[in-house]
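Some notes on the structure that comes next.
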Amino acid sequence: MIVAVIGLGTFGGKTAISLSDKGVEVIGIDKDKKKVDAIKDRVSHAVAIDVTDEKSLRGVNISDVDIAVVAIGDNVEGSIMAVATLRKLGVGRVIARAINKVHEHVLHEIGASEIVKVEEEMGEIIASNIAAPHILEKFSFSAGYSIMELALGKKFSGKTLVEAKIRHKYSLNVVALQKKIPFITESGKAAYRYEVNDDPKPMDLIEEDDVLVLVGSEKNFNKLFAEIGEL
């Protein structure tokens, strides 16, 4: 897979390096040579060009990439022009960063495949961390359903899954149970490892440091959160 990341500020630079660390061939592109130089040793290729210039993009064979990520955030016009040019040059999948609703609408209209709303999403993450610190991870999918990793061990400590009545009271299914297991290292030091039980049984015991992975509707998760309060 070849991915072009266009705009190498904080968000774009981090995206490019993270993709590269995962084994993806990355082309980092920015008109600011300093930003290009900052990541050139961390990605497959890094070039300093004006991404709104069609000739320049053709020169780096941009039409050969599988995905382009337009991470430009401080120049709305440049972001829009970059997306339009990428679509014109035949890039099939263009993921673009939007900084407001108008920007998002225009990006959709000119053919962006997916929109990333960094500021909005970060606001939601911060709010969730404050209001619901027991949510460790959350993955939402269609029709208002989610999978969540929840630090609920303290609430249900000493109870079996059937005694906790999570399914009975909240219509949420426990799909995994992560346990913190103490052990002694070869050097004699106390340490911990994490073990995941991906086939939990009704009589499995919940301990204080356990993390529960639940799946269900947002409505039922909200019912659980309203009843458990602060942990």
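Which one of Lys169, Lys219 is surrounded by fewer than 16 Cβ atoms within 10 Å (Cβ to Cβ), in contact with a Gly (Cβ under 9 Å, 6 or more places away or on another chain) and either at pLDDT 90 or above or not in a strand (DSSP E or B) (or both)?
The conditions single out Lys219.
Filtering segment 172-186 down to residues that are surrounded by fewer than 16 Cβ atoms within 10 Å (Cβ to Cβ) and out of contact with any Leu (no Cβ under 8 Å at 6 or more places or on another chain), which residue is nearest to Glu218 (Cα to Cα)?
Of everything passing the filter in segment 172-186, Lys180 is nearest to Glu218 (Cα to Cα).
Look through segment 1-43, keep the residues that are among the small types (Gly, Ala, Ser) and more than 17 Å from the chain's Cα centre (by Cα), and return whichever of them is surrounded by the most Cβ atoms within 10 Å (Cβ to Cβ).
Gly28
Applying the selection to segment 50-66, what residues are over 16 Å from Ile80 (Cα atoms), buried (at least 17 other Cβ atoms within 10 Å of the Cβ) and of a type in the set (A, V, I, L, M)?
Ile62, Val65
Being hydroxyl-bearing (Ser, Thr, Tyr) and at positive phi is true for just one of Ser217, Ser171, Ser187. Which residue is that? Step through it out loud before you land on a result.
Numbers: Ser217 fails: at positive phi; Ser187 fails: at positive phi.
Checking each option against the conditions leaves just Ser171.
Just checking: which of the helices (runs of 4 or more DSSP H) contained wholly in segment 102-165 hold 2 or more residues that are at pLDDT 90 or above and outside the structural domain of Val91 (by TED's automatic domain parsing)?
Once the helices (runs of 4 or more DSSP H) in segment 102-165 are filtered for at least 2 residues that are at pLDDT 90 or above and outside the structural domain of Val91 (by TED's automatic domain parsing), what remains is 161-164.
Can you spot a residue in segment 4-26 that is assigned to a loop (DSSP other than H, G, I, E, B), under 24 Å from Ile99 (Cβ atoms) and of a type in the set (Gly, Ala, Ser)?
Yes: segment 4-26 contains one or more residues that are assigned to a loop (DSSP other than H, G, I, E, B), under 24 Å from Ile99 (Cβ atoms) and of a type in the set (Gly, Ala, Ser).
Considering only segment 191-212, I want to know if a residue exists there that is modelled with pLDDT under 90, over 28 Å from the mean Cα position of the chain (by Cα) and not in a helix (DSSP H, G or I).
Yes, there is a match, as at least one residue in segment 191-212 is modelled with pLDDT under 90, over 28 Å from the mean Cα position of the chain (by Cα) and not in a helix (DSSP H, G or I).
Could you tell me which of the residues Val69, Val47, Val94 is surrounded by fewer than 19 Cβ atoms within 10 Å (Cβ to Cβ), assigned to a strand (DSSP E or B) and modelled with pLDDT of 90 or more?
Of Val69, Val47, Val94, the one residue that is surrounded by fewer than 19 Cβ atoms within 10 Å (Cβ to Cβ), assigned to a strand (DSSP E or B) and modelled with pLDDT of 90 or more is Val47.
Surrounded by 10 or more Cβ atoms within 10 Å (Cβ to Cβ), among the basic types (Lys, Arg) and assigned by TED's automatic domain parsing to the domain that holds Glu163: does that describe Lys189?
So Lys189 fails the test.
The values are calculated or read from the model by the stated rules, or taken from the named source; none is laboratory data. From a predicted model like this one, the values you see are computed outputs, not experimental measurements. Please note: Cβ atoms are built from the backbone with ideal geometry, for glycine as well, and neighbour counts cover all protein chains shown.
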